[in-house]
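Data block below; observations after.
The values are calculated or read from the model by the stated rules, or taken from the named source; none is laboratory data. What you see is a predicted model; the values in this text were computed from it and never measured. Note: ideal-geometry Cβ built from the backbone for every residue, glycine included; neighbour counts use all protein chains shown. Each accessible area value is taken on the protein alone, full model and side chains, heavy atoms only, with ligands, DNA and RNA left out. Shrake-Rupley method; radii C 1.70, N 1.55, O 1.52, S 1.80 Å.
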Amino acid sequence: MMADSAFLAPIEYTAGNLTIRAYRPGDGAALQRAVVSSYEHLRPWMPWARSDQSVEQSEAICRAAAGRYLLNEDFTLGIWLGDELAGGSGFHLREGPLDSGNAQIGMWISAAQAGRGMGTRVLAALLDWGFSSWPWQRLTWHCDTRNLASTRIAEKNGLVREGTLRQDRFGVDGTRRDTHIYAILRGEWLAARRSAAQR
């Protein structure tokens with residue numbers, strides 16, 4: 001196991017025209033554009049989305065995320081296609097500290113990129129990066145059971161549905177919602193990669 005303070009988190013991963021990286025000072029304008037233009041698309045699932053989020057608020061979010069990243073407190077990531085912020089993700093320490101080897105992957109995709117397979121592609125990249133350059137042993141994915149696109153993304157990438165938490169939290173509409181929990185282990189991912197290479 002590695003002490004949290006000794007781990008230097010990777011900053012960036014590139015796959016083709018896709019770049020997944022830590023937020024930087026100056027990313028606020030891109031974040032503001034992506035969130036505000038995607039508000040109606042994000043609102044059913046993302047309670048943090050705001051239609052009036054300003055560039056200044058967005059810049060503060062990016063800078064705070066960058067600081068937490070460098071301190072190994074949480075690893076929030078932007079999803080970029082060139083200069084366009086196509087969404088956000090992260091390896092979140094919601095299931096134990098860094099040295100537990102557990103992280104929860106969260107994700108949102110902008111309205112402009114939704115329905116094009118972007119979520120599936122990004123999760124595949126995060127699994128590749130997470131199990132090759134990070135200390136993760138177990139990666140999880142939580143989603144509202146009504147969010148069928150999110151369940152498909154998990155299943156297409158080989159995550160196993162481990163269970164459903166019934167009425168565990170409130171949805172953005174104020175009603176109680178159920179949450180599917182998916183997970184994949186490092187050994188499972190390695191076995192799937194070996195199998196794919198042998199085909």
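Could you give the length gained on full extension between residue 176 and residue 54, defined as 0.36 nm per residue of separation minus the Cα-Cα distance, in nm?
Gain on stretching residue 176 to residue 54: 40.9 nm.
With n ≥ 4 as the cut-off for DSSP H runs, can you work out [θ] at 222 nm for the chain, using -39500 (n - 2.57) per run divided by the number of residues, rounded to the nearest 500?
It lands at -10500 deg cm²/dmol.
By its C-alpha gyration tensor, with a ≥ b ≥ c as the square roots of the eigenvalues, how is the stretch 108-161 shaped: rounded for a/c under 1.5, else prolate for a/b larger than b/c, else oblate?
oblate
Can you tell me how the chain classifies by the Cα gyration tensor, rounded, prolate or oblate, using a/c under 1.5 as the rounded cut?
Because its axes are fairly even, with a/c under 1.5, the chain counts as rounded.
Say we join alpha carbon atoms closer than 10 Å with springs in a Gaussian network model of the chain; which of 102, 17, 147 then has the biggest fluctuation?
17
Roll a 1.4 Å probe over the protein chains and send me the accessible area per residue for the stretch 1-104 in Å².
Per residue, the stretch 1-104 has an accessible area of 50 Å².
Which sequence of 116, 138, 68, 177 reflects their accessible areas, 1.4 Å probe, from the largest down?
So, going from the largest accessible area down, we get 116, 68, 138, 177.
Which percent of the accessible area of the chain is formed by carbon and sulfur heavy atoms (probe 1.4 angstrom)?
52 percent
If you take every residue apart from residue 169 with its C-beta less than 15 Å away from the C-beta of residue 169, what net charge results, scoring Lys and Arg +1 and Asp and Glu -1?
+1
Keeping all protein chains in place, calculate the accessible area per residue for the stretch 150-199 (probe 1.4 angstrom), answer in Å².
Each residue of the stretch 150-199 exposes 68 Å² on average to a 1.4 Å probe.
Using Cα-Cα distances under 8 Å and only pairs 6 or more residues apart, what relative contact order does the stretch 134-199 have, in percent?
This gives 38 percent for the stretch 134-199.
Just how far, in whole angstrom, is the stretch 1-67 from the stretch 92-128 if you go by their alpha carbon centroids?
12 Å
Counting alpha carbon pairs within less than 8 Å and at least 6 residues apart, what relative contact order, in whole percent, applies to the chain?
In percent, rounded to a whole number, it is 18.
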